[in-house]
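Trainee: Sending over a structure as structure tokens; questions will come in a sec.
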Amino acid sequence: MTPRLRSVLFMPANNARAVEKARTLDCDAVVLDLEDAVGPEDKEAARAAAAAALSAGFTGKIAAVRINGLDTPWGEADLRSLAGADAVVLPKVGDASVVAEASGQAAGAPVWAMIETCRGVLNVANIAAAPGVGALVLGQNDLAAEMRCRPGADRAPLWSAMGATVTAARAHGLTALDGVYNAFQDTAGFEAECRQGRAFGFDGKTLIHPSQIAAANAAWTPDPDEVAWARAVVAAYAAPGAEAAGVLRVDGRMVERLHLAEARRILELTGPAA
């Protein structure tokens, strides 16, 4: 079963207290950040801290590292220091060639390509098709800055990029992660953006603060009504004589085999206790 990535928490790799606390948090993944959260003078110390944190392990969650771009003085060294990382988060991916370069040096760890430039949006289909990619991550802050747009609460100027990112991820069997929400004290706004992200088809959300974890997990966990519907659909197609049916009636609605696939996906997400 593919690991769930409902909540993906970014933190500076050189913040030892935050990294230690992350081991106790209920997020699905931790990203040790060597890029935006770390100033130039601290890059080498942060890299060493990330390597030590990976060696110590993060039981029960995915541990990823966001490296500096390969066009920076630090990117190559970052890649060489990532033994033990479950994924490499590659910033500002503009085309598939940089993914191939990173993947070739990532010791088998999947690359999570950040779609946060106009060029990246235009090339997202080719990026998603590149060998070694495991996820696409919307970097909405950098993208909005480069577009010179003002997203607002509804993120309308970013809808085309959001849809393109999810579509490319689905076409290539990848995870799609929604961008961060900076106003971490705005609980209502964050919950609304999580609902919107799920409605767009994202699998989870990148986070900047532990206080956002519970809301992200809740938004991307199927609710009781969804689970009940999924069980009903699976049961309908498992009934004698219905195994090969194309269309069935379930709870007053017509369902097709595409709904059966979605029902099975929902039940997989709920885990064995659902």
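The values are calculated or read from the model by the stated rules, or taken from the named source; none is laboratory data. Note that the structure is a prediction, hence the values are computed from the model and not measured. Heads up, the Cβs are rebuilt from the backbone with ideal geometry, glycines too, and the neighbour counts pull from every protein chain shown. Surface areas here come from the heavy atoms of the whole protein model, side chains and all, with no ligands, DNA or RNA. Shrake-Rupley method; radii C 1.70, N 1.55, O 1.52, S 1.80 Å.
Trainee: When you scan region 79-86, do you find a residue that is open to solvent by less than 60 Å² (accessible area, probe 1.4 Å) and touching an Asp or Glu at 6+ places or on another chain (Cβ under 8 Å), even just one?
Mentor: no
Trainee: Out of all the residues in region 235-249, which are surrounded by fewer than 17 Cβ atoms within 10 Å (Cβ to Cβ) and not in a loop (DSSP other than H, G, I, E, B)?
Mentor: Within region 235-249, A235, A238, V247, R249 meet the criteria.
Trainee: Return the residues of region 132-141 that are touching a Gly at 6+ places or on another chain (Cβ under 9 Å) and either β-branched (V, I, T) or open to solvent by 30 Å² or more (accessible area, probe 1.4 Å) (or both); say none if nothing qualifies.
Mentor: The answer is G132, V137, N141.
Trainee: Still on this structure, I have one more. On the given criteria, is G104 on the phi > 0 side of the Ramachandran plot and out of contact with any helix residue (DSSP H, G or I) (no Cβ under 9 Å at 6 or more places or on another chain)?
Mentor: no
Trainee: With the requirement that a residue be of a type in the set (G, A, S), open to solvent by 40 Å² or more (accessible area, probe 1.4 Å) and either in contact (Cβ under 8 Å) with a residue 40 or more places away in the chain or touching a Leu at 6+ places or on another chain (Cβ under 8 Å) (or both), what does region 196-234 give you?
Mentor: The one that is of a type in the set (G, A, S), open to solvent by 40 Å² or more (accessible area, probe 1.4 Å) and either in contact (Cβ under 8 Å) with a residue 40 or more places away in the chain or touching a Leu at 6+ places or on another chain (Cβ under 8 Å) (or both): A214.
Trainee: Working only within region 22-50, note down all residues that are out of contact with any Ser or Thr (no Cβ under 8 Å at 6 or more places or on another chain), farther than 18 Å from N217 by Cα and loosely packed, with under 14 Cβ neighbours inside 10 Å.
Mentor: Scanning region 22-50 gives G39, P40, E41, A45.
Trainee: Take region 1-44 and flag every residue that is among the basic types (K, R), without any contact (Cβ under 8 Å) to a residue 40 or more places away in the chain and closer than 22 Å to A215 by Cβ.
Mentor: Listed by number, the list holds a single entry, R23.
Trainee: A further question on this structure: Cβ-Cβ distance below 8 Å, separation of 6 or more or different chains: which pairs start in region 244-262 with a residue that is within 15 Å of V234 (Cβ to Cβ) and end on one that is aromatic (F, W, Y)?
Mentor: Final answer for the pair search is A245/Y237; L248/Y237; V250/W229; D251/W229; R257/Y237; L260/Y237.
Trainee: Looking only at region 156-180, count every residue that is in a loop (DSSP other than H, G, I, E, B) and either touching a Gly at 6+ places or on another chain (Cβ under 9 Å) or modelled with pLDDT under 95 (or both) and tell me the total.
Mentor: Summing the residues that are in a loop (DSSP other than H, G, I, E, B) and either touching a Gly at 6+ places or on another chain (Cβ under 9 Å) or modelled with pLDDT under 95 (or both) in region 156-180 gives 3.
Trainee: On to the next question. Residues of region 95-129 being under 15 Å from E146 (Cβ atoms) and in contact with a Gly (Cβ under 6 Å, 6 or more places away or on another chain), which ones?
Mentor: Hits for region 95-129 are M114, E116, T117, R119, G120.
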